[in-house]
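Every number here is computed from the coordinates shown, using simple stated rules; none is lab data. For clarity, every value in this text was computed on a predicted model and none was experimentally measured. Reconstructed Cβ throughout: ideal geometry from the backbone, glycine too, with neighbour counts over all protein chains shown.
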Amino acid sequence: MSTAAVNRAVARAERVLPGSPALPGKRDPRWQAIIRIGAFVETHPEEVWQFVQRWGKHAQLDIRAAVATCLLEHLLQAHFERIFPRVRSAAFESARFARTFQMCWQFGQAEEPANHARIKRLQSQLRRTPKPPPRRAS
């Protein structure tokens with residue numbers, strides 16, 4: 001798959017995001033667009049990571065859930081050594097991204113004992129990190 005193809009998939013997703021969740025029982029075009037980006041995890045992890053980094057800290061939980069389950073957990077599955085240090089940094093920079101990471105299941109490389117231990121250690125550290133106080137309305 002070409003770089004142009006992944007760029008088109010990202011551009012299509014950007015056009016429908018953030019949007020609103022679909023009505024119950026209906027297909028959500030936002031999730032469908034994110035799923036299409038997932039086809040590029042193996043071949044274009046950098047482009048997928050850029051998308052994950054941006055949308056993995058979005059205010060909408062539904063978008064973060066799609067990013068976690070359709071993209072981030074598969075990046076960790078296939079490119080753990082490359083992606084995990086970035087995930088760790090992003091999780092400490094953004095509480096929302098940390099929660100996105102914590103929605104991920106472990107597959108492939110992320111399931112390997114040493115990598116699984118690194119994930120568990122980060123999850124534990126994130127649970128102990130003080131949360132910023134809520135913002136007050138001005």
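With each label modelled as a point 7 angstrom along the Cα→C-beta vector, the ASN7-GLN60 pair spans 2.6 nm. Loop sites here are chymotrypsin sites (Phe, Trp or Tyr not before Pro) outside DSSP states H, G, I, E and B with no more than 13 other Cβ atoms within 10 Å. The longest part of the chain free of them is 1-104.
In the chain, the sites counted are trypsin sites (Lys or Arg not before Pro) in DSSP loop states with at most 11 other Cβ atoms within 10 Å, and the longest stretch holding none of them, exclusive of the sites, is 28-134. The magnitude of the dipole of the chain, with charges of +1 and -1 set on the Cβ of Lys/Arg and Asp/Glu and taken from the Cα centre, is near 720 debye. D by Stokes-Einstein for region 1-130, Kirkwood Rh over Cα pairs, 37 °C, 0.692 mPa s: 221 µm²/s. Where the alpha-carbon atoms of region 33-94 are placed on the principal axes, they occupy 28, 26, 16 Å, in descending order. Only helices enter the 222 nm calculation for the chain: every DSSP H run of n ≥ 4 contributes -39,500 (n - 2.57), and dividing by all residues gives -18500 deg cm²/dmol, rounded to 500.
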